[in-house]
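Presented below is the structure to which this report refers.
Values in this text are rule-based calculations from the coordinates and carry no lab data. Computed from a predicted structure; not experimentally measured.
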Amino acid sequence: MVESYSTMPDSYWKETHIQALIEKFPEGQVVLKVNNQLAGCALSICVENSAYADHHNYKEITGNYTFSTHNEEGDMLYGIDVFIKPEYRGLRLGRRLYDYRKKLCERLNLRGIAFGGRIPNFYKFADEIGPKEYIEKVKRKEIHDPVLSFQISNDFHPEKVLKGYLEGDEDSSEYAVLLKWDNIYFEKKTKKAANQKKIIRLGLIQWQMRLYKDFEELMQQAEYFIDAVSGYRSDFALFPEFFNAPLMADNNHLPESEAIRELSKFTDEIVKRFSELAISYNINVITGSMPEMKNDLLYNVGYLCRRDGSIERYEKLHVTPDESKVWGMQGGSQIKTFDTDCGKIGILICYDSEFPELSRLLADEGMEILFVPFLTDTQNGYSRVRLCAQARAIENECYVAIAGSVGNLPKVHNMDIQYAQSAVFTPCDFSFPSNGIKAEATPNAEMILIADVDLDLLRELNQFGSVKNLRDRRKDLFELKKTSR
């Protein structure tokens, strides 16, 4: 330390200080050796998140240099010191010390790392600019600061300026920058029993349109598929849009607008049956979509039937021109994310996936998986859904699962042919498939598609991705928000 702080001869710790830190928090103190010679060191304590939130100085955070502020129950790692001996600088050893701290945070389930970072080159500019402008210039790489530039390059972000932080630090004019690194794996401690999964298994049902003799036969086929994806221990079963359309065959003599209203009479019973199946097969069922009458208006809706027995409704907001013209269908008005035992999910029915604002609103609420039940008759219609779904995965840093129907339905007007290739899409970065396709079904064949997705990879992408689509949005130029109706 004496060699490292040659310009600050009174700022190094004594043996008694080091011994106290080792006794209080041994895991927080780490050294690096090169050829069995001490080359660098990092010292730290644990504090409560609120301890550093307000203005503080070095003396206060260390308990007048006694480290009495160390709290074994603290949720934040506070950096006391990091230094590398001059002859070992330039070997990226400092980065290794910070990597150790980051791993320690993850292992101890701490919120992250915080510390007051010196700005030792500030004295060169103090007569011209203030510390705030200095920090901005360092961030823009107009000025190089040996400490702050290094911290920013190691994923620490400036929070605020601390005045009078380190007594005697003339180079920094006693200013420091409160720097933070957030542990994306931190889980808030709770007394409630919980076991949220990180690896989620998706079961997509590529449904074959065929005629059924009655409602019970259709539900028998639906249960068959739920049984199949549950047998592979899937967490979700996703059905396509209007999978129950074959039931309109009995009313094919009616105008299309009346036939689909007759179909809506099955919706309540289908939801009830799906909820029972979700419980008995221990799987979250996304029912695709069905027609539903509400206040004498026709809507395209679906239901999330959780395996704990709870049920929530979602609506198609943008109906297609054909749905409006042929059936007289109305667009819904509700959009929200859904909490599940497998994280936050969003559900957009077919055409809604082609409007990027909707999925961005869901991403802002923490959505990690977007489900898109769809129905397309031609390949070009399918391509619109597929390509937009892939864009949603990239721009919102989430997984997108799409499931559609295949085959022909000759005895149902306006539902003659279907084209689909169900798939699971990912962002495009090093931890994901380079083409953004996790898995895809065989086109136009009845089948199930099983795929695992890792939610932790999304958190890593948000922090360390080659690009950061969510974080880099120019919110100073535009904003997106829901309107109340």
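Each helix, a run of at least 4 DSSP H residues, gives -39500 (n - 2.57); summed and divided by the residues of the chain, these come to -7500 deg cm²/dmol at 222 nm. Helix 215-231 axis versus longest C-alpha principal axis of the chain: approximately 30°, rounded to the nearest ten.
Classified by the C-alpha gyration tensor, segment 367-485 has an oblate form. Its axis ratio a/c, with a ≥ b ≥ c, is 1.5 or above, and a/b does not exceed b/c. Where a ≥ b ≥ c are the square roots of the eigenvalues of the C-alpha gyration tensor, would you call segment 199-464 rounded, which needs a/c under 1.5, or, failing that, prolate if a/b is larger than b/c, or oblate? Prolate. Among the listed pairs 139/344; 24/102; 24/132; 103/197; 139/482; 103/344, those whose Cα-Cα separation exceeds 24 Å are 139/344; 24/132; 139/482; 103/344. Residue by residue, segment 271-277 carries 3J(HN,Hα) couplings of 4, 4, 5, 4, 4, 5, 5 Hz when phi is fed to the Karplus relation 6.51 cos²θ - 1.76 cosθ + 1.60 (θ = phi - 60°); x denotes Gly or Pro.
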